[in-house]
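Down below is the structure, laid out as structure tokens.
The values are calculated or read from the model by the stated rules, or taken from the named source; none is laboratory data. This structure is a prediction, so every number in the text was calculated from the model and none was measured. Counting neighbours? That spans all protein chains shown, and the Cβs are built from the backbone with ideal geometry, glycine included. Please note that ligands, DNA and RNA were not included when accessible areas were found on the heavy atoms of the full protein model with its side chains. Shrake-Rupley method; radii C 1.70, N 1.55, O 1.52, S 1.80 Å.
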Amino acid sequence: GFGVSGMDRFKDDKEDILEQAGFATEETFTLTSDEMDWEDVPQSYWDMMAYLRLVCITASDAFLLESVFRNEVWEFMQYPVSKENEKLVLDTLVGTVEGALEGFETTEGEDARAQASEDLPLRERMAAAARLGERKALGVALQTYLSDLDTLDSKEYYQERRLQSLGLDRPIDESEIVDPDIEIRRQTFDDMY
């Protein structure tokens, strides 16, 4: 599972936001062995990404935790926050999946042979099939997260989305440019009268 570290200096804010969003401070998310179809991604995937984006917020993005954003921050977490945050989220997911894959006591080949063996009890064959399914889900997830790491530069992050929403992502109009070299004459009260 994942959770907010007790050492996180933003722990209280993150826990408050998670509670408002209906999540615990520690959560476990389920993977499926299906190939990722971006047209029909399960809600649990988006929940996990939002959860981890919040948990992985560091000082550079901590302004989003301010009370002025409290009602909107969970919505912000539905999309990439910053390149650094998204990389931390994906590195966390890759490390978690790799750790789970390393934790198997049997190899994939051993499990495939055990599943196919009619000499083994049904229970052992079913356990081998379950491990094969888990490996498959973890393998698909690992490939998805590694591929996602390669697209960090092409993602749109919070700052770009915010500038767009304010209409500030456009070229500057000539009429908006102020020439600092123009001398502005200041008139005193006595000069005007």
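Figures for the structure shown
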quantity	calculated
Residues being part of a helix (DSSP H, G or I) and either of a type in the set (D, E, K, R) or in contact with a helix residue (DSSP H, G or I) (Cβ under 8 Å, 6 or more places away or on another chain) (or both) - total across the range 66-92	14
Failed condition for residue 51, given (1) without any contact (Cβ under 8 Å) to a residue 60 or more places away in the chain; (2) open to solvent by 20 Å² or more (accessible area, probe 1.4 Å); (3) of a type outside the set (A, V, I, L, M)	(2)
Filtered residue count, the range 113-153, keeping only those that are farther than 30 Å from residue 85 by Cα, open to solvent by 50 Å² or more (accessible area, probe 1.4 Å) and in contact with a helix residue (DSSP H, G or I) (Cβ under 7 Å, 6 or more places away or on another chain)	5
Qualifying residue in the range 93-102 (condition: outside any helix (DSSP H, G or I), open to solvent by 80 Å² or more (accessible area, probe 1.4 Å), out of contact with any strand residue (DSSP E or B) (no Cβ under 6 Å at 6 or more places or on another chain) and not aromatic (Phe, Trp, Tyr))	no
Selected residue (only one of 25, 32 is in contact (Cβ under 8 Å) with a residue 40 or more places away in the chain and β-branched (Val, Ile, Thr))	32
Which listed residue is surrounded by 11 or more Cβ atoms within 10 Å (Cβ to Cβ) and at pLDDT below 90, from 25, 32	32
Any pair with Cβ under 8 angstrom, 6 or more apart, that starts in the range 163-191 at a residue that is part of a loop (DSSP other than H, G, I, E, B) and ends at one that is at pLDDT 75 or above and not polar (S, T, N, Q)	169/160; 169/163
Any pair with Cβ under 9 angstrom, 6 or more apart, that starts in the range 129-157 at a residue that is within 19 Å of residue 107 (Cβ to Cβ) and ends at one that is of a type in the set (Val, Ile, Thr) and open to solvent by 30 Å² or more (accessible area, probe 1.4 Å)	131/106; 137/30; 137/32; 140/32
Matching residues, the range 60-87, being of a type in the set (Gly, Ala, Ser) and open to solvent by 90 Å² or more (accessible area, probe 1.4 Å)	67
